[in-house]
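Single-structure report; data block below.
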Amino acid sequence: MSRTKTNGAITVLSLGMVFFHLYTAARGVLPAVEQRGVHLAFALTIAALYDLKKSDWPLGKTINLVRIVAPGVIVFYLLYNFHSIMERFGIPSGPDMAAGIALILLVLEFTRRITGPVLMGIALVFLVYAFAGPWLPGMLWHRGYDLERLVTQISLSTEGIFGTPLGVSANYVFLFVIFGSLLDITGIGQFYIDVAMRAVGKSCGGAAKAAIVASSCFGTISGSAVANVMGTGSITIPLMKSLGYTSAFSGAVEAVASTGGQIMPPMMGAGAYIMAEILGIPFRSVILAALLPAVIFYCTLFVTVHFTAKRQQLVGADTSELPGLPEMFKKKGLCIAPLVVLIAMLVFLRVSVIKAAVWAIFTTLAVGLFYSRRDLKHYALGLKDAFINGARTALVVIASTACAGIVVAVINLTGIGMKFTGIILAIAGGNLFLVLFFIMLASMLIGMGLPTTPAYLILAVLGAPTLVRLGVVPIAAHLFVFYFSCLSMITPPVALAVYAASGLAKANFWRTGIEACKLGLTAFFIPYVFVYDPILIWQGPLWHIFLSALTAILGSIGIGAGICGWFFRKTFVWERIVLIISGFLLILPNIIFSVIGFVLLVAVYSWQKRSLKTI
């Protein structure tokens, strides 16, 4: 197949995939297996076309054809015969087995091509474990399962590939990927960056502050740390460097700010939707629980770059070429409409996530059409590119969720999840802090080689139940795992967001990673706080929640000043230590600790003010 024909096929399939999801979202999604099956078939076929190898060898052409046609044929067979398969559950026919095995192989190869070998390797380890159980020692032992039982669980039911993870991708995530792609193509995303630059760009270190504001806004929609870095970092990193920030610090700011987008409502990452499905709660409950920790995280980051700019005597960015905010909103004020519609529908009108996404997409289309009404041809071509880019971007999430379904199927089949809980409890001796520490390490270790979504999903099945058994509030347990799965994006040695940002900044990876860990220090601490006292995730009286949020924001000032070594002047070592301690004490939702932290913060403030007067 020539490249022209291949590109044409990719365009047709991408547009078909987008229209299928918009239609089913607007009119009502199909039954679970049908919606997820069509979703997966589109992705497998598009991925095969992107990876098509040119070959004049007859057998090579045949292989290419099989790779393109097989996904649709296999999925069609499974969907068409699904009721019959269910009726003979556990006794699959020969064609059932052939289709099931072929689907597993297709998903594994799809995952390898799209996300790399790590997730595929993990899935293969679990598949081997399903067979090897009778020969394993101790708590790893299980009775073992034959090929028929394993294929039935993974491919011929809704417990594996067609399970909840892929369902979240098919029902929710794909819509928001298209939403983010449309924001980029229509220029609405650039409007958010321009507003951020105009709002804070002229202040001390304004370029870094604009990067934080823009990345938090963009990241709430994209849900991908790396995509966020590439989307906003290409503008903000060079600007930060031009104003005097070091390359490593510039890259670290963008990496941390972009990673924070995954934990910042309203959209967050795909894992947040899976969390809502697993816990059986409305998505708005996840948004509410994640809000205050995310605000504290960004406050600390914002304060840190401010004090760093003060210490280095950096000036603000030149925003003279940008119009003022009133003029900006007068010319393109409608650009905030998609985000307003999305938040209003999710939080105030309390409609479903699917309906909110559809209305946000249609609002984006309308706003884009309004501002492009003089050049409809260019707008139509832009929409085509947005849909193609969106479909391609979604392949990572689809591959991750489909392959993670294989892992979850084996976990449920073998009971290793309960055994993992027992192992962790046995090693930690039932000590909650040690259990949290081990799960944190596991989350970050798994997340180093995986996208956030499958990393969270694996630990949500393995680790979160352990915390719940120890009395942790379920949503706090899942947010704990989710946080550290996200933070793996900035934790060396495999920090994908840092890799992307250091590349844009032309900075040393390790220096950028160290700076990122320093800037994200609060995020490593907050999950422990809301596990021990879930007041920060809105589990308590309103007055206590308000007071805890206020003291935590004060704490972010102390931590930010301590990290960068500047408050009202350059700090001594003992002052930095006291500031960081005061910050952590203020974040802890305990009245006594907060009072002590406040006293320490005021003491350093008074000491520095007095010393400045005597100079």
Here the gain from full extension of LYS609 to GLU34, 0.36 nm per residue of separation minus their alpha-carbon distance, amounts to 200.3 nm
PRO323 neighbourhood, Cβ < 10 Å, K/R = +1, D/E = -1, net charge +1
Expressed as a percent, the portion of alpha-carbon pairs in the range 229-271 spaced more than 14 Å apart is 49
At 4 °C in a medium of viscosity 1.567 mPa s, the range 479-615 has a Stokes-Einstein diffusion coefficient, with Rh taken as the Kirkwood radius over alpha carbon pairs, in µm² per second, of 79
Rounded to whole angstroms and listed largest first, the alpha-carbon spread of the range 335-460 along its three principal axes comes to 68, 32, 25
Expressed in nanometres to one decimal, the distance between label points 7 Å along Cα→Cβ at PHE19 and ILE91 is 4.4
Largest first and rounded to whole Å, the semi-axes √(5λ) derived from the alpha carbon gyration tensor of the range 244-349 read 31, 22, 11
In whole Hz, the Karplus estimates of ³J(HN,Hα) for the range 70-83 (6.51, -1.76, 1.60; θ = phi - 60°; x where Gly or Pro) are 4, x, x, 5, 5, 5, 4, 4, 5, 6, 5, 9, 4, 5
Burial-style ranking of 254-266, 194-206, 472-484, 346-358, average other-beta-carbon count within 10 Å with highest first, yields 254-266, 472-484, 194-206, 346-358
The local net charge around ILE185, scoring Lys/Arg +1 and Asp/Glu -1 for residues other than ILE185 whose Cβ lies under 10 Å from its Cβ, equals -1
Distance in Å, no decimals, from the C-alpha centre of the range 572-615 to the one of the range 383-454 is 39
Scoring the range 536-615 by relative contact order with C-alpha pairs under 8 Å, at least six apart, yields a percentage of 29
Pseudo-spin-label distance ILE63 to GLN312, built 7 Å along Cα→Cβ, given in nm, is 5.0
The long-range amide H neighbours of TRP566, using H built 1.01 Å from N in the peptide plane and a cut-off of under 5 Å, are THR571
Given 17-27, 368-378, the highest-first ranking by average Cβ count within 10 Å works out to 17-27, 368-378
Taking 234-242, 603-611 and ranking on average Cβ neighbours within 10 Å, highest first, one gets 234-242, 603-611
Percent relative contact order for the chain, counting Cα pairs under 8 Å at least six residues apart, stands at 18
When all Cα-Cα pair distances of the range 388-507 are considered, the percent exceeding 23 Å is 36
From the Cα centre of the range 102-126 to that of the range 289-330, the distance in Å is 41
Lys and Arg at +1, Asp and Glu at -1: neighbours of PHE131 with Cβ under 13 Å from its Cβ sum to 0
Zone reached by a paramagnetic label modelled 7 Å from LYS384 Cα along Cα→Cβ, restricted to the range 5-41 with backbone N below 16 Å, covers 5-19
So ASN412 and PHE437, fully extended at 0.36 nm per residue minus their Cα-Cα distance, gain in nm 6.6 nm
For the pair SER234 and HIS544, the simple spin-label estimate (label points 7 Å beyond Cα toward Cβ) gives in nm 4.9
Options (1) 18, 48, 30, 4, 0; (2) 19, 51, 26, 4, 0; (3) 19, 55, 25, 1 are given for P(r) over Cα pairs in 20 Å bins from 0, in percent, and the computed one is (2)
Note to self: with every protein chain in place and a 1.4 Å probe, the chain gives an accessible area per residue in Å² of 41
Checked against a 31 Å limit on the C-alpha separation, the offending pairs among LYS209/LYS332; LYS310/LYS330; LYS202/LYS330 are LYS310/LYS330
The extension gain from ILE577 to LYS506, computed as 0.36 nm times the residue separation minus the Cα-Cα distance, is 22.4 nm
Whole-percent tail of the Cα-Cα distance distribution for the range 548-602, cut at 16 Å, equals 29
The relative contact order of the range 88-226, taking Cα pairs under 8 Å that sit 6 or more residues apart, comes to a percentage of 17
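The values are calculated or read from the model by the stated rules, or taken from the named source; none is laboratory data. Since the structure is predicted, the reported quantities are computational estimates derived from the model, not experimental observations. Counting neighbours? That spans all protein chains shown, and the Cβs are built from the backbone with ideal geometry, glycine included. Accessible surface areas use protein heavy atoms only, side chains included; no ligands, DNA or RNA. Shrake-Rupley method; radii C 1.70, N 1.55, O 1.52, S 1.80 Å.
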